[in-house]
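To start, the structure itself, in structure tokens.
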Amino acid sequence: MSPLESLYQSSTNREMLMPMPFVQGVIAAVCCAPEIPMPPEWMPWVFDQNTAQSAELDWEAVTDGLVKSLRDTLSVLRRDHSPYPQEYKFDLANPKGSAQAQWLSGFLFAHQALQPVWQNAWECLQNDSMDKAELAAKTLQHCLKVMSVLADPEAIVNTVDNQSLADKLPAIAETLPRTLKHYIELANTLAGFLPNQFEQFTQV
């Protein structure tokens, strides 16, 4: 059982935290970022803001589980493997509530929150090569578009004008592994242009 799965054995934790696929997506995006933020910055993103804070929550255990999950995800990335759970499949019958959609929603939520990090890295790359920066921007835009469509496919399915795109959703879902690979490669490239990078967690 993974550290994150252990956290969800507690009913209090399940009530306070976002769904596990969403949290996994948040942690994956944090690990993939050109510069990894400190835990106090990203940990609040995994809690359900609609749930009142519980005094019964074991904060030490939750923090430990989240940090260990970050460590394990970084280990996966260091082995050049995808942080995406292969068992999370596209499900047109449950488009927005599927594990895949929730994972991508968490991933995109964290990416948006880390936008200043990505912008800073892109500007550093731009200073080195405008052509490379433009290509990086196009790659990132494509990756985010694919992930956004799969994170909320219901919005596509319910739009009559986009019926042709809705029919292509299963095929788009098949490109997700390649899309994530391009995203990670881009993040690694941008990281190389950031000065004074924070690398503590890459050594965990």
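Bear in mind that the values in this text are calculations on the coordinates, not laboratory data. Note that the structure is a prediction, hence the values are computed from the model and not measured. With ideal geometry, Cβ positions are generated from the backbone for all residues, glycine too; neighbour counts draw on all protein chains shown.
Fully extended, how many nm does the chain gain between GLU5 and SER164 (0.36 nm per residue separation, minus their Cα-Cα distance)?
On the way: separation 159, 0.36 × 159 = 57.24 nm, distance 3.81 nm.
Once the chain is fully extended between GLU5 and SER164, it gains 53.4 nm.
Hey, which of these cross-link pairs are over 23 Å Cα-Cα: LYS68/LYS132; LYS145/LYS168; LYS89/LYS145; LYS96/LYS168; LYS89/LYS138; LYS96/LYS132? Going by Cα-Cα distance, LYS68/LYS132; LYS89/LYS138; LYS96/LYS132 fall outside the 23 Å limit. The modelled label-to-label distance between LYS96 and LYS138, using points 7 Å beyond Cα along the C-beta direction, is 3.4 nm. Three principal axis extents describe the C-alpha atoms of the stretch 45-123; from largest down they are 39, 38, 27 Å.
Averaging the Cα positions of each part gives two centres, and for the stretch 62-96 and the stretch 1-57 these lie 12 Å apart. When the charge dipole of the chain is built from unit charges on Cβ atoms (+1 for Lys and Arg, -1 for Asp and Glu) and taken about the Cα centre, the candidate among SER2, THR63, HIS182 whose Cα reaches farthest toward its positive end is HIS182.
Rounded, prolate or oblate: which fits the stretch 23-86, taking a ≥ b ≥ c as square roots of the Cα gyration tensor eigenvalues, rounded meaning a/c under 1.5, else prolate when a/b beats b/c? Can you show the working numbers first?
Numbers: a/c = 2.11, a/b = 2.01, b/c = 1.05.
It comes out prolate by the Cα gyration axes.
Put simply, the amide H of PHE47, placed in the peptide plane, has neighbours under 5 Å in MET18, leaving out anything fewer than 5 places away on its chain.
Are there GluC sites (Glu not before Pro) in the stretch 6-58 that DSSP puts in a loop and that have at most 15 other Cβ atoms within 10 Å, and which ones?
On the way: sites: GLU15, GLU35, GLU41, GLU56; in loops: GLU35, GLU56.
Loop-located and lightly packed - GLU56.
What spacing in nm lies between the two simple spin-label points modelled at MET130 and THR175, each 7 Å away from Cα in the Cβ direction? Those two pseudo-labels are separated by 2.9 nm. An ellipsoid equivalent to the chain, defined through the eigenvalues of its Cα gyration tensor, has semi-axes of 27, 25, 14 Å when rounded to whole angstrom and sorted largest first.
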